[in-house]
Amino acid sequence: ADNARLDRVGAFRSATEHLLQLGHRRIGLLNSYSAQGRLEGYSQAMEAARVDYRAVVIGDSEGHKAPPIQVCIEELITTHPELTALVCTTDRGAQEAIYHLAQRGLRVPEDISIVSYSNEPWTQWALPPLTTLDQSTAELCEHTLALMSRRLEGSEQPWSRRLICPE
């Protein structure tokens, strides 16, 4: 079957590599409940850099299936006070993390750096400015619609598979 999907493993490898290139070695991952590929990408980057450190918690901005972000931030900071950076699996989770870190007296990016994923339209107004990967939603939709149109028009071309890499 035709397939177009986002390379979440590559995205989170890239986000973690960005922080590693900035010199961070104590990088945590605030993973979301239904996240696929994110932990794998984070782990790949840390292993490639030969960094054994891991600080991973699973949170939920809605707090329905996993602990709320506030609980996760409390756990991360209590368990890993040496943390210098955090990869968040959603922009909303990152914004919430920034808020809860500020409640604990930590400033972003002065005390802890944060990288996020999805590049929601509102992130351009986030304060402090949010570093986020663009999940290329427009490209994904465009490619998916083109695939559907081809099939509806009766195309018998071989199945197409495309992996879209967020930037």
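Count, please, the residues in region 51-71 that happen to be assigned to a helix (DSSP H, G or I), open to solvent by 10 Å² or more (accessible area, probe 1.4 Å), touching a residue at least 24 places away in the same chain (Cβ under 8 Å) and touching a strand residue (DSSP E or B) at 6+ places or on another chain (Cβ under 8 Å).
Going through region 51-71 one residue at a time, the tally reaches 0.
Out of (1) more than 22 Å from Val9 (Cα to Cα); (2) in contact with a strand residue (DSSP E or B) (Cβ under 6 Å, 6 or more places away or on another chain); (3) outside any helix (DSSP H, G or I), the odd one out for Val87 is which?
Unmet for Val87, out of (1) more than 22 Å from Val9 (Cα to Cα); (2) in contact with a strand residue (DSSP E or B) (Cβ under 6 Å, 6 or more places away or on another chain); (3) outside any helix (DSSP H, G or I): (1).
Restricting attention to region 6-26, report how many residues are of a type outside the set (S, T, N, Q) and outside any loop (DSSP other than H, G, I, E, B).
Qualifying residue count, region 6-26: 12.
Name the one entry in Glu40, Glu74 that is touching a residue at least 24 places away in the same chain (Cβ under 8 Å), assigned to a helix (DSSP H, G or I), in contact with a Phe, Trp or Tyr (Cβ under 9 Å, 6 or more places away or on another chain) and not hydroxyl-bearing (Ser, Thr, Tyr).
After applying the criteria, what remains is Glu40.
Return the pair list, or none, for Cβ contacts closer than 9 Å from residues in region 10-22 that are without any contact (Cβ under 8 Å) to a residue 40 or more places away in the chain to residues that are surrounded by 18 or more Cβ atoms within 10 Å (Cβ to Cβ) and in a helix (DSSP H, G or I), at least 6 apart or on different chains.
Listed pairs, sorted by first residue: Arg13/Gly41; Arg13/Tyr42; Arg13/Ala45; Glu17/Ala45; Leu20/Ala45; Leu20/Met46.
Within the bounds of region 98-112, is there any residue that is open to solvent by less than 20 Å² (accessible area, probe 1.4 Å) and either on the phi > 0 side of the Ramachandran plot or in contact (Cβ under 8 Å) with a residue 40 or more places away in the chain (or both)?
Checked against the condition, which is being open to solvent by less than 20 Å² (accessible area, probe 1.4 Å) and either on the phi > 0 side of the Ramachandran plot or in contact (Cβ under 8 Å) with a residue 40 or more places away in the chain (or both), region 98-112 yields no hits at all.
Consider Gly93 against the criteria (1) under 20 Å from Asp7 (Cα atoms); (2) at pLDDT below 85; (3) not charged (D, E, K, R): it satisfies all of them except one. Which criterion is unmet?
All conditions pass for Gly93, except number (2).
Could you please let me know if Arg162 is open to solvent by 30 Å² or more (accessible area, probe 1.4 Å), in contact with a His (Cβ under 7 Å, 6 or more places away or on another chain) and either not in a loop (DSSP other than H, G, I, E, B) or not polar (S, T, N, Q) (or both)?
yes
For region 140-159: of the residues being of a type in the set (D, E, K, R) and open to solvent by 80 Å² or more (accessible area, probe 1.4 Å), which is modelled with the highest pLDDT?
Within region 140-159, the match that is modelled with the highest pLDDT is Glu153.
Please indicate, with yes or no, whether at least one residue in region 11-29 is surrounded by 21 or more Cβ atoms within 10 Å (Cβ to Cβ), of a type in the set (Val, Ile, Thr) and at pLDDT 90 or above.
yes
Return the residues of region 117-139 that are open to solvent by less than 20 Å² (accessible area, probe 1.4 Å) and either on the phi > 0 side of the Ramachandran plot or at pLDDT 95 or above (or both); say none if nothing qualifies.
Ser118, Ser136
The values are calculated or read from the model by the stated rules, or taken from the named source; none is laboratory data. This is a predicted model, so every value here is computed, not measured. As a convention, Cβ positions derive from the backbone with ideal geometry for all residues, glycine included, and neighbour counts pool all protein chains shown. Ligands, DNA and RNA are excluded from the accessible area calculation, which covers all protein heavy atoms including side chains. Shrake-Rupley method; radii C 1.70, N 1.55, O 1.52, S 1.80 Å.
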